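The values are calculated or read from the model by the stated rules, or taken from the named source; none is laboratory data. This structure is a prediction, so every number in the text was calculated from the model and none was measured. Neighbour counts run over all protein chains shown; Cβ positions are idealised from the backbone, glycine included. When the accessible area is computed, the model is the full protein with side chains, heavy atoms only, and any ligands, DNA or RNA have been set aside. Shrake-Rupley method; radii C 1.70, N 1.55, O 1.52, S 1.80 Å.
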Amino acid sequence: MDGGMVEPNLPRRGILGHTGFGPAAAGIPDAGEAAFMTPIEERASIDRTAAAGSVSLVLLVAVALVGVALFLLFVGRENAEPYVLAVLAALAVVGVFALFGAAAGIVEISGRKGRNDLTQALADGAGEGIALVDLSGRVLYANRAYLQITDAEGPDDVRPVERLFTSDPTVADAVYRLAQAARDGQSASEEIRIAGRAGEPSRWLRLRVRPLGKEGRHARVAAWGVADVTRERERQENAFLELQHAIDFLDHAPAGFLSVDAAGRILYINATLAGWLGYDLAEFVPRGLTIGDLVPGPAADMIRHLAPAHGEAKTEIFDLDLRKKNGHSLPVRLYHRVAFASDGTAGASRTLVLNRARGDVPDPLRAAEVRFARFFNHTPVAMALIDRKAKIGQTNASFARLFGPAAAGEGGETRPIVSVVAERDRAKLETLVREAIEGDTPNGSVEVALAGAANRFARFYVTPVEGEEDGEAAIVHAIETTEQRALEAQFSQAQKMQAVGQLAGGVAHDFNNVLTAIIGYSDLLLANHRPTDPSFQDLMQIKQNANRAAGLVRQLLAFSRQQTLRPQVLDLNEVLSELSIGLLKRIIGETVELEVKHGRDLWPVKVDLNQFEQVIVNLAVNARDAMPDGGKLSIRTRNVSAEEARGFGHVGFAPADYVLIEVEDKGTGIPPDVLAKIFEPFFTTKELGKGTGLGLSTVYGIMKQSGGYVYPLSVMGKGTTFQLFLPRHVASAEEAAAKPVEAETAAGDLTGRGTVLLVEDEEAVRAFAARALASRGYTVLEAGSGVEAMEVMDLQGGEVDLVVSDVVMPEMDGPTLLRELRKRRPEIAVIFVSGYAEEAFRKNLPPGEKFTFLPKPFTLKQLVAAVKETMKPAP
């Protein structure tokens, strides 16, 4: 506390000169005693500030007068008269102006500037020593207190502060810092300790300095102050010691104590409570622990959500368990007192903690209370007692966690139980509560929406209480059902989508067989007709419409997640740039402005390029239709970390690293009742003939099959945003080492030689494929099922070079056929053709099984190219 200030050996006599200091020796009181003590001797203050005249100016006037006299002697008496009159006139003018200046206070007649007597008396009688010192170290003014402190006898004996403590280097350093601050035009203060006389305690002085002014003469003068602050320091030290004693008493009291702020951070904990909990008090840092660290489970919410009492202090009693540092429980009773400001803001608490752990003497009553408190506060069911006015009384921790501030009254007043329920459902709960208060046991329960937060629900049970004299009428139990309702809705939607998807997949598979035959026979006919033939255009129309129907089938398969994907690692910024430059601008038209914002350092994703483009195109078409009068379509990309993903709150959304694509329009928006159905197949709000209802269902299916998510956000009148989340792709070691293989150009010559076993249960498809292969030089063996194929292999197995087989067939399906073929001919090549996705049957094959897949419907050229590529000998 000394601040590096020591006790100097003072060089002068008297107060400072006899190495002693203090009011008894100096006759001057300190700052706290000035009003109650009488000085030993009264000394007049010293004031040299009146010496403001200029010697140079006096000499100049004298020289001028002598010069005038010599001039008059030189001109002679006869000629001097006019000059004498002129000099006298000049002196008269100067005298008149001097009189007017003195009357106006501009000119000083006596050489001393008039002062305010009250100010003079205040400075002279101040208890603090005051001295004005110029730059040369000359004391211009010193009051009586300064003279007595420095033991100066008169004007010639007074010294500035800078020369009083030259004998001690440490104190001299402090004075030097003050003097330097004064020279720099700044204010400063220091406290120093000096030794008293023999047998007397040392004393404390406060030295202060400041420049007297900023301009003119005042800027060259420093005002010094010297005050005895010994008693003040003693009072501070005594207060500190008393505070230390109080803290020591509180730390070692037989009860625990802690203080918690409004945010739940622990500001103070005493040694007793720290010992109970196993914490080292020396390691405790204010705000380093929270109430949640000491109070496990939802019980901490009871302390955080205390009902405010405006401008008052409120005390609540809680019986709960504290968690020790080793994880064990400590049963306690808390007397939790919180003072609230006039606006209801909670201050830091004063919380008394009583240890209710089992002592040396068994106490059945205390043990029963502890067990009940644990049961009451640790149950996951929210519980509350209500009186006959249906107002909330005692509540448990789960109730505070579930309802939070909604259950807390204002100004110390309790709130009715219905206040925690949304207004639209309050009548249901009121009926249940009224029956219980009247003594009847209500039948069943009610599930209602909660007040405040949207889409939160709870189921309430009310039980009457009989024979209670304290006004308690019923017990309310509440269980939150928000997550259960969300799961039920999600499960119901998933079941509906799965059922529709299975139906769509089955229809698509059968329809693909029909389309394969139509497209195949169209190719056969087109091969035999020239473009100039009259029927050539008719055949082209048949094939084009068959291809159009195949596109609809692909959308059905996309929705049912049964299409074949060819995923590849993509940079979505590059994909969207190419897509927006070409296709998108043509699709949306000139009335819709397209804006694409690319996120920086976008993570790679692994998706099917064509399917991803289909997703963006479908969303762009919907956005265009939502803005018939024109507008703006925005497509944005950015990275979403797993931590950020947790904050989105989408139902069924698994937090992970994603690339987010947002497609936003400024259209009319989607009504809430329609928003829940937009992903269902064949659901459309467009006019008849303007939409198939498969656009968004295709988006949904592609995103799901790609491992991603799609969520719509819409505000009526403002627009709609679709959020697409695709998982971040992290390349494996094999992928990183692999080199890209460039696709080979399809050969122009599709003819070939070899024996092909064609296995297909659809006669029309089998007939077309057989004719197509035979027309290109292949020998074709046909089989209508897997069993027939095995019979052919038994008879002519050695001649077969390739097997082309359907996947779904009666008696024996394609994967089973492949396993049987491997037993006889392990090296034989196989091509699977199917209307389902490759992934749908790959799981039924042994790991690492090699085969080629050709999705239905396929053209003659695609079939022949696949056969020739598969039969090509390995390099």
Two pseudo-spin positions, 7 Å from Cα along C-beta at residue 237 and at residue 287, lie apart in nanometres by 3.4 nm
Whenever you get a sec, line up 168, 343 from highest to lowest accessible area (probe 1.4 Å, protein heavy atoms). 343, 168
Between residue 374 and residue 96, what length in nm is gained on full extension when 0.36 nm per residue of separation is reduced by their alpha carbon distance? 89.9 nm
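Given 704/868; 597/843; 704/856; 677/861; 543/666; 597/861, which pairs have Cα atoms separated by over 30 Å?
Checking Cα-Cα distances, 704/868; 597/843; 677/861; 543/666; 597/861 exceed 30 Å.
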From highest to lowest solvent-accessible area (probe 1.4 Å; ligands, DNA and RNA excluded), 193, 600, 566 read 600, 566, 193
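Restricting to DSSP loop positions (anything but H, G, I, E, B) with no more than 15 other Cβ atoms inside 10 Å of their own Cβ, which GluC sites (Glu not before Pro) remain in region 265-344? Can you show the working numbers first?
On the way: sites: 283, 312, 316; in loops: 312.
Here the GluC sites (Glu not before Pro) that fit, given the DSSP loop and packing criteria, are 312.
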State the extension gain, in nm to one decimal, for the chain segment bounded by residue 824 and residue 571, taking 0.36 nm per residue of separation less the distance between their alpha-carbons. 86.5 nm
Full-extension gain between residue 246 and residue 355, please, as 0.36 nm times their residue separation minus the C-alpha to C-alpha distance. 37.1 nm
Estimate the FRET efficiency between residue 775 and residue 532 by the formula 1/(1 + (r/R0)^6), using the beta-carbon distance for r and 35 Å for R0, to the nearest 0.05. 0.95
Label model pair residue 215, residue 119: point-to-point distance (7 angstrom along the Cα→beta-carbon line) in nm is 1.7 nm
Heavy atoms only, probe 1.4 angstrom, no DNA, RNA or ligands counted: give me 234, 578 ranked by accessible area, highest first. 578, 234
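On the accessible surface of region 54-99, probed at 1.4 Å, how many percent belong to carbon and sulfur atoms?
Answer for region 54-99 is 81 percent, counting heavy atoms of protein chains only.
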Mean accessible area per residue over region 591-637 (1.4 angstrom probe, all protein chains present, square angstrom) is 47 Å²
Leaving ligands, DNA and RNA out of it, report the carbon-plus-sulfur percent of the accessible area of region 320-396 at a 1.4 Å probe. 55 percent
With a 1.4 Å probe and all protein chains left in place, how much of the accessible area of region 236-309 comes from carbon and sulfur atoms, in whole percent? 60 percent
What percent do you get for the relative contact order of region 165-232 when only Cα pairs under 8 Å and 6+ apart count? 25 percent
Percentage relative contact order, region 186-312, counting C-alpha pairs under 8 Å, at least six apart: 13 percent
Sparse-neighbour loop sites [trypsin sites (Lys or Arg not before Pro); region 814-874; at most 12 other C-beta within 10 Å; DSSP]: 843, 850
Keeping every protein chain present and rolling a 1.4 Å probe, give me the accessible area per residue for region 269-332 in Å². 45 Å²
Go through region 621-659 and name the trypsin sites (Lys or Arg not before Pro) that are in a DSSP coil and have 13 or fewer other Cβ atoms within 10 Å of their Cβ. 646
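Using a 1.4 Å probe, what is the accessible area per residue for region 207-262, in Å²?
61 Å²
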Please report the spacing between the Cα centers of region 300-359 and region 639-665 in Å, no decimals. 39 Å
